[in-house]
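Accompanying notes for the structure given below.
Where a number appears in this text, it was derived from the coordinates with a stated rule and is not lab data. If you're wondering where the values come from, they're calculated on a predicted model, not measured in any experiment. With ideal geometry, Cβ positions are generated from the backbone for all residues, glycine too; neighbour counts draw on all protein chains shown.
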Amino acid sequence: MHKKLKNISFEDLILLDTDDYSLINKPPFLASLDDRANSQNLLSLAKEVNDDYQICHRLDKETSGIVVFAKNAEAYRNFAMQLENREVKKVYHAVIDGLHKFEDFEADEPLHTTSTKSRVDFRAGKPAFTLISTLEVFKKHSLVKCFPVTGRMHQIRAHLAYHKAPIVCDPAYGGEMVFLSELKRNYNHKKWEDENPMINRVGLHSHQVAFRDLSGNIVEGEAEYPKDFSVLIKLLRKFN
């Protein structure tokens, strides 16, 4: 699931710019912070533009979507306090295995986190809460939106997996690859070639964020799907 990124301009990723914050649409395969496998990361790109930039939260390397940057220390503290008080609204979209009709479903299983993974653990786990609703159901998959009230590592991935709805292309949590041959009738695939999955990363996108700035005004933004996620949805609809 590794992919070499082309040269990226931080300015081209900006969705919304205010005096104190920048909202960024992070492409997949770009690390939020330092990544030994690739010197390029979102924070280093930001620092090239403004050394005062601080990243307010992070996304997994494969996850695409909206990330908030603060332009000064006061703005960073303001966001951090709202995050701690669970006042930041973040909405993710995910393509999951199976046909599921969640309606404001409350996943509240406690999560135990190691350095690389989270799992439901009713003894040692810490409180975790995710609201899940289905947006669309396809032939073998579903598109859902998830609102993580708490912010545990891999929280959405772990909660969905526990409820037998793992995110596609997420083998760490039981998510299966999505192949066109499984959806399209009479799919003509050359026997001597390996078929590529319809998306080659975890099918998770950070879609929306909303919080208050230093003056108490609401700052909100929405990130469009990147090409790979958008194509996946279109194909799932086409062969539904």
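Descriptive notes on the structure:
- Stretching the chain fully between Asn85 and Phe122 yields a gain of 11.0 nm (0.36 nm per residue, less the alpha carbon separation).
- Listed residues His112, His163, His93, most fluctuating in the chain (Gaussian network, C-alpha, under 10 Å): His163
- Helix 227-238 and the long axis of the chain differ in direction by around 40°, with both axes built from C-alpha atoms.
- Extension reserve of the Val231-Thr150 stretch, reckoned as 0.36 nm per residue once the Cα distance is removed: 26.1 nm
- The modelled label-to-label distance between Asp213 and Glu182, using points 7 Å beyond Cα along the C-beta direction, is 4.5 nm.
- Packing rank of 150-160, 114-124, 214-224, where each peptide gets the mean count of other beta carbons within 10 Å, highest leading: 150-160, 214-224, 114-124
- Nearest-20 debye value, region 10-238 charge dipole, Cβ charges on Lys, Arg, Asp, Glu: 1060 debye
- Amide H contacts under 5 Å for Val168, placed H, 5+ residues apart: Val95, Ile96, Asp97, Gly203
- Long-range tail of P(r) for region 120-159 (Cα pairs > 13 Å, %): 57 percent
- When the convex hull of its Cα atoms is viewed from all sides, the chain shows a mean projected area of 14.2 nm².
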